[in-house]
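Each remark here refers to the structure printed beneath this line.
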Amino acid sequence: MAALLRMEGITKSFPGVQALKSVDFELEAGEVHALVGENGAGKSTLMKILAGVYQANGGTIHLKDSVVVPSGPRSMIEAGVGVIYQELNLIPHLTLAENVFLGREPLLPTGRINWRKMAQEFEALIELFDVPLKPFTRVSSIGPAYQQVVEIVKALSLNAEILVMDEPTAALTGHEVNRLFEVIKKLRDKGVSIIYISHRLEEIWRVANRVTVLRDGQKISTLPLKDVTIRSIIKDMVGRDLEDQYPKEKIDTQGEALRVEGLFKQDICKEISFNVEKGEILGISGLVGAGRTEIAQLIFGYRKKDAGRIFLHGKEIRIEGTWDAVRHGFALIPEERKEQGLVLGQSVFDNVALPVLNSFSRLGVINYPKLNAVIRKIIESIGVRTPSVRQIVRNLSGGNQQKVVLSKWFIRKAHIYIFDEPTRGIDVGAKVEIYKLMQELARKGAAIIMISSELPEIMNISDRIIVIHRGRITGEFHHGQASEEEIMHAAFGVTQDAS
Ligand SMILES: Nc1ncnc2c1ncn2[C@@H]1O[C@H](COP(=O)(O)OP(=O)(O)OP(=O)(O)O)[C@@H](O)[C@H]1O
Ligand SMILES: [Mg+2]
């Protein structure tokens, strides 16, 4: 079959980084082609070159047998290339429909915007995902998962011939992922070709025909999915065999650390009661919008609860604001990292160092050598891929930015860690390191709450799992006790049989 798209010998460098080294990439008509590789391997850069966002230093792009030279993003949209970018790009103070049709608003004969048509077109697209989003809701009032759905809808509305999806499922849970895959299949049947980037390797078998692996800016392989295994893909990505994707050590728990009783907040949650022991990892599962993040924020004092009691080491404590939580030794690693966790214009070093400066200074003098050593160690063990600790965070790849946020929390001491989607967008090798670091904290007596949308991670790493459905606990399982199906049932609100 003739290729619809052929990228040949694509080269790209940034100051201090050779991001792509003569990469070849091919896409056939009606194909779903997965593109994988470690954080910083060059996936997004290759796609931004295709989209006309970056200019390559060398190489050619052939679309349907003619050479195209992108002159900016608009030229490539016109050539039929639509991209769902890894970073969310919606404008917060505009409505969902305004964002989707920005610059392409349907007009009335008078030249004014046809709001009714805009709403109808939005609704027709959003229907595909079965989510409760209204056209004239503001972006700022919806969470990252729903924003991701809106980004997808926006790209679909372009009616592109080639659709690039750069980690579209990073913020989604099983149900929305299933919806997305149905949409992908429909598009493919209509002849749309799709390039699909994901760090959730298990899912690429469900959608893609072929997979291309990049490592360190080089193409390692392109193969039909029927000829590869998860192991062989990981090997191509990492350059070596990965012993165990989900290392789990047995840690003895040491008594109750945290107990939450009757947490209640109007419209968010009801009767949330659970506890976590020192040394335990408690997984929290549920669908997008179930209220998991909000529950974490209520405990942490980031939102005000209507009722509920919190006990730390058996004693009731009052948490009226985040300051109280921090004082009592809570750490909340937020889901929306870019807004809540990073200063993009600052260096890696400054981002990690800022929150711990106090604990590294005596009488106002900072012990830089010690701070430096600690930061280098954590950055190395999580595997932040950066030319130096002085690099500006904005210039790191998406996954490496996440790793910077995590680093800064791992070097902070706390009794209770609440990780909200700790491995979102992070590559397989680094995930393993993060699981190990979490378990190291647990071994030292910390209690860990891990909110995650990735079922394999929840099932393999948690000692216990609670499932939230519409702000209530609908299931509780011990490690190894539940199947994926049972957890999904609870997530949909089907309560388990009393046994
Ligand atoms: N604007 C930029 N300035 C400097 N370096 C950059 C810039 N954009 C990307 N890079 C570098 O290019 C390399 C490839 O980055 P890219 O974003 O393509 O990785 P990726 O494969 O998409 O990773 P991830 O899985 O983390 O999203 C990285 O080393 C990154 O730091
Ligand atoms: Mg990327």
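Cβ crowding within 10 Å, taken as a proxy for footprinting-reagent exposure, orders MET165, MET488 from fewest neighbours to most as MET488, MET165. The label-point distance for ILE230 and GLU249, in a model that sets each label 7 Å from Cα toward Cβ, rounds to 2.3 nm. Measure nothing fancy, just the Cα-based angle from helix 428-443's long axis to the longest principal axis of the chain, in degrees from 0 to 90, nearest 10. Long axis of 428-443 versus the principal axis of the chain: about 10 degrees. At full extension, GLU476 and SER140 could sit 117.7 nm farther apart than now, given 0.36 nm per residue minus the alpha carbon distance. Treating the angle as unsigned and between 0 and 90°, give the value, to the nearest 10°, between the Cα long axis of helix 174-189 and the longest Cα principal axis of the chain. Helix 174-189 and the main axis of the chain meet at about 10 degrees. If a paramagnetic tag sat 7 Å from the Cα of ARG104 along the Cα-Cβ line, which residues of the range 126-155 would have the backbone N under 16 Å from that point? Flagged as within label range: 126, 150-155. Loop-located trypsin sites (Lys or Arg not before Pro) in the range 283-324 (DSSP state other than H, G, I, E, B) with a sparse environment of at most 11 neighbouring Cβ atoms within 10 Å: LYS304, ARG318.
Annotation: extensible slack from GLU271 through LEU128 equals 48.2 nm (criterion: 0.36 nm per residue apart, minus Cα-Cα distance). Projecting the Cα atoms of SER453, SER381, THR293 onto the dipole axis of the range 256-491, where Lys and Arg carry +1 and Asp and Glu carry -1 at the beta carbon, places SER381 farthest toward the positive end. Given the pairs LYS370/LYS408; LYS48/LYS186; LYS248/LYS431, which are separated by over 21 angstrom at their Cα positions? Distance filter (> 21 Å) returns LYS48/LYS186. Extension gain for the segment LEU363 to HIS415, taken as residue separation times 0.36 nm less the Cα-Cα distance, is 16.1 nm to one decimal. Computed about the Cα centre, the dipole magnitude for the chain is approximately 1480 debye when only Lys and Arg (+1) and Asp and Glu (-1) carry charge, each at its Cβ.
Here is the list for the range 1-93: GluC sites (Glu not before Pro) lying in DSSP coil, each with at most 16 other C-beta atoms within 10 angstrom of its C-beta, are GLU87. Neighbours of GLY58, meaning other residues whose beta-carbon lies under 14 angstrom from its beta-carbon, give a summed charge of 0 when Lys and Arg score +1 and Asp and Glu score -1. Of the GluC sites (Glu not before Pro) found in the range 195-302, those that fall in a DSSP loop while having at most 10 other beta-carbon atoms within 10 Å are GLU243, GLU249. Dipole check for the range 256-491: with +1 at the C-beta of Lys and Arg, -1 at the C-beta of Asp and Glu, and the Cα centre as origin, the magnitude is about 1100 Debye.
Estimated from helical segments only, the mean residue ellipticity of the chain at 222 nm is -9000 deg cm²/dmol, where each DSSP H run of four or more residues counts as -39500 (n - 2.57).
Selection among ALA208, THR253, THR229 by position relative to the dipole of the range 167-261 gives ALA208 as farthest towards the positive end (Cβ unit charges, Cα centre). The calculated FRET efficiency for the pair ASN57 and GLU28, based on their C-beta separation and a Förster distance of 25 Å, comes to about 0.40.
Read the figures in this text as sums done on the coordinates, not as results from a lab. Model, not experiment: these values are computed from the prediction. Cβ: placed from backbone, ideal geometry, glycine included. Neighbour counts: every protein chain shown.
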